[in-house]
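Comments concern the structure below.
The values are calculated or read from the model by the stated rules, or taken from the named source; none is laboratory data. Predicted model, so just to flag it, every value in this text is computed and none were measured. Every residue, glycine among them, receives a Cβ derived from its backbone with ideal geometry; neighbour counts consider all protein chains shown. The protein model used for the area step is the full one, side chains on, heavy atoms only, and it has no ligands, DNA or RNA in it. Shrake-Rupley method; radii C 1.70, N 1.55, O 1.52, S 1.80 Å.
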Amino acid sequence: MVWSQINPTPLNLSFLFLSGSILLYTVLSRFLKETLLLAEPPLATLVGILTGPAVLGAVEPQPWKLGNHVTKELARLTASMQVFIVGIELPEGYCSKHWKGIGILLGPVMIGGWVVCAILIHLIFGASYPSALVISACLTPTDPVLVATILEDPKATSDRIKYLLAAESGVNDGTSFPFLYLGIFILKEHSAGAVLREYLTVTIAYQCIASVAVGISLGYGANRLLRYSHERGRITENFVALFPLALIFFSLGFSSTMGMDDFLLVFSAGIGYAYHGWLEHAYQVNPVATSFISFSLSIATFIYFGLMIPWAAVTDTPKLSLSKIGIFVLLVLLLRRIPFIIASKRFNPDIKTYREALFCGHFGPMGVGALFLSMEARDILNSSCSRTKMQPGDDWDKYACETVELVWPVVCFTVLGSVVVHGLSMSIAKLARTLICAQKQHTKSLCTSDDPSTGSESMDGGMYHDEESLL
């Protein structure tokens, strides 16, 4: 019978569900974004949670047997795509012209957030300080996917703040690696001299400085190659728009092969590729392919994240509980960035007012980059943890096991809280602006009806437009 031919595997159903979700969101995108004021990440995460094993059980990721490696590579690809797009969309020479403002966010603000998160992890979950340093390092990067929801809203804040947040999200996904590897070296090397040597030579010199130089060279070389071919009519217009996609994969493959900092190299490649401003023609010929792939990866990653949230770890891990996680997420959202950005406002030339400082401090979302770093830390420290399970080791190996046990659930639930708070913040802001505008229009109509001599231009002053924007 024909019904015997219908025997889908869990992976077949998952592909069907995932592609169907993307199609449905695509056809309803205007309604969801402009009428319901919903951003993609929280909506995609909600879809994953509802259809996953925690609620309906319609999609079960465990039978896929894809392993952590596939999850890690999906996060790596999604973050790389986003940081490259940030790199090519920044104004020419932005990072060199605004190095001080970006440097403050990457230096004192990131270091302060790293230390504060480590202290909170130690106090709330009872983790050792070496473990807390590794886990908190995973929470240092801001997520370019969630930051993009701010950039899409023309009334969210000024372009000056948007570019600053975009540049920070592109750079600090890569600059978070030094924080992560410092904690990992402490757990693995057990010697201050060995830690310092590995950290300065491998992490700082090779993975960071060399990655920036190689990334800019690759991007600029690709720009020159494409320009040379395009000016001589050796490439068709359709393939011009696909060239950046190939460059993203090439840069990512090169950095992974050479053991460099993936996100920093890919972001630098985007900066180098956009050099001299030639992208007005080359990139915008047909950006549909790049935009759709980036959108699909983001949606797929957050749906997959909703499916993979380790709800059972709350009860299975002795050091975790629902109340502890809730308190930790709340304190991280309040203390990770806001105090340090407000304190450094007077030194940051790109932040003019304390309201802008509060805005920048609030919008430091954690997302795909944090998930990738947590999986990276878990993979690296698994060897030390496995050795401890086979034979009793020293305290440092026990700290490694503690990190492996805690890093994934702590980071996942923190990212979930960030997705909800930061993803819905712009929706709430848009709703507030809509209500304010409606109230203003209603007041204006009443005033006009009561006083016919009042001109229509009386509400067109700066005060009205300033109040219309939340900043």
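By per-residue mean of other Cβ atoms within 10 Å, what is the highest-first order of 358-364, 235-241, 420-426? It would help to have the intermediate numbers written out before the result.
Details: 358-364: 22.0, 235-241: 13.9, 420-426: 20.1.
So the order, starting with the most tightly packed, is 358-364, 420-426, 235-241.
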TODO: Enumerate the amide H contacts of Gly367 below 5 Å, restricted to partners 5 or more residues apart or on another chain; note that Pro and chain-start residues carry no placed amide H.
DONE: Asp143
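Ranked from the most accessible area to the least, with a 1.4 Å probe and all protein chains present, what is the order of Asp173, Asp159? List each step's numbers first, then the result.
On the way: Asp173 0, Asp159 95 Å².
My answer, sorted largest first, is Asp159, Asp173.
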- [ ] Work out, step by step, the length gained on full extension between Ala205 and Glu73: first 0.36 nm times the residue separation, then minus their alpha carbon distance; give nm to one decimal.
- [x] 45.1 nm
- [ ] Please list the radius of gyration and Dmax for the stretch 68-227, considering alpha-carbon atoms only, with Å as the unit.
- [x] 17.4, 56
Open item on the list: With only alpha-carbon pairs counted, each pair once and no self-pairs, how large is the Kirkwood hydrodynamic radius of the stretch 10-443 in angstroms?
Closed with: 22.5 Å
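In what sequence, highest mean first, do 264-272, 111-119 appear when ranked by Cβ atoms within 10 angstrom? Working shown, then result.
On the way: 264-272: 30.3, 111-119: 19.6.
So the peptides 264-272, 111-119, ranked by packing, come out 264-272, 111-119.
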Task: Surface share of carbon and sulfur [accessible, 1.4 angstrom probe, percent] for the stretch 10-443 - done: 67 percent
